[in-house]
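This report concerns only the one structure given below.
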Amino acid sequence: MSADMRELKIEAARAALDQVEDGMRLGIGTGSTAEEFVRVLAERVAGGLTVIGVPTSERTAALCLELGVPLTTLDETPELDLTIDGADEIGPQLGLIKGGGGALLREKIVAAASRRMIVIADKSKLVETLGRFPLPIEVNSFGLGATVRTIERTARALGLEGALKVRERDGRPFVTDGGHLIVDASFGRIPDPRALANALNAIPGVVEHGLFLDLADTAFVAGDGEVRTFGA
Ligand code: ABF
């Protein structure tokens, strides 16, 4: 990642940090932008800010522990004030594609448990229509072949076609923190994300998908010397 790109992520992270108040219960996202947020948050915690966070991945949990950000779980703290997370794409009405980092299931559970969700990103994530980034779909490993066929058939009925690939890392299937697999679906433009989200939710082998609709309230998007605010 270039130094400029990292700087944009830090700027977006700082804008989100301004929304954090003493005593807040936070959802803490995953990915390189969310990691910049953890770093700036940790500085404030070291300076006396009192917050507690629910991490959306083991990776984020490890960074929080390393930097001294206090953690809790959704079992102990089922209601959160604010979640701050990155995204792979930010589309109209703050519809998102997430899951490129493989943490979409926990990210969605944590976002849904939060009163507010702020997305932080550099401007490369803004799109007019979702779908340039392959849609991550988390699936149970049982019945993988059948589930993939059902996803294909379901998408085709909505006019969407494209390659579905089981994600790999180091030549082996990528396994999520929840023990599931990820299918990356290169559908291209998704004109009706809600219809696709509903259809995917109805497939038994699909655990969750990376379409985050009606979850984000605000996006801070850094680029061209400014941080733009989208949403409330
Ligand atoms: C998480 O990290 C994911 O949902 C998304 O896939 C990814 C974005 O990563 P980065 O900030 O590194 O671009 O938020």
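Answer yes or no as to whether residue 50 is open to solvent by 10 Å² or more (accessible area, probe 1.4 Å), within 12 Å of the ligand (Cβ to nearest atom) and part of a loop (DSSP other than H, G, I, E, B). Against the criterion (open to solvent by 10 Å² or more (accessible area, probe 1.4 Å), within 12 Å of the ligand (Cβ to nearest atom) and part of a loop (DSSP other than H, G, I, E, B)), residue 50 does not qualify. Checking 34, 42, 12 one by one, the residue that is aliphatic (A, V, I, L, M), away from the ligand (no atom under 14 Å from the Cβ) and either at pLDDT 95 or above or assigned to a helix (DSSP H, G or I) (or both) is 42 and no other. Any residue at all in the range 157-179 that's touching a residue at least 40 places away in the same chain (Cβ under 8 Å), part of a loop (DSSP other than H, G, I, E, B) and of a type in the set (Asp, Glu)? Scanning the range 157-179 turns up at least one residue that is touching a residue at least 40 places away in the same chain (Cβ under 8 Å), part of a loop (DSSP other than H, G, I, E, B) and of a type in the set (Asp, Glu).
How about the range 197-232: which of its residues are open to solvent by 30 Å² or more (accessible area, probe 1.4 Å), closer than 14 Å to residue 139 by Cα and part of a loop (DSSP other than H, G, I, E, B)? Scanning the range 197-232 gives 202, 204. Going by what's in this entry, would residue 194 be described as charged (D, E, K, R), in a helix (DSSP H, G or I) and not assigned by the TED database to the domain that holds residue 93? Yes, satisfied. When the range 7-38 is examined, which residues are found to be loosely packed, with under 15 Cβ neighbours inside 10 Å and within 18 Å of the chain's Cα centre (by Cα)? Result: 32, single match.
The values are calculated or read from the model by the stated rules, or taken from the named source; none is laboratory data. Just so you know, these numbers come straight off a predicted model, no measurement behind them. Because the Cβ atoms are built from the backbone with ideal geometry, glycine has one as well, and the counts that use them run over all protein chains shown. These accessible areas exclude ligands, DNA and RNA; they are computed on the full protein's heavy atoms, side chains included. Shrake-Rupley method; radii C 1.70, N 1.55, O 1.52, S 1.80 Å.
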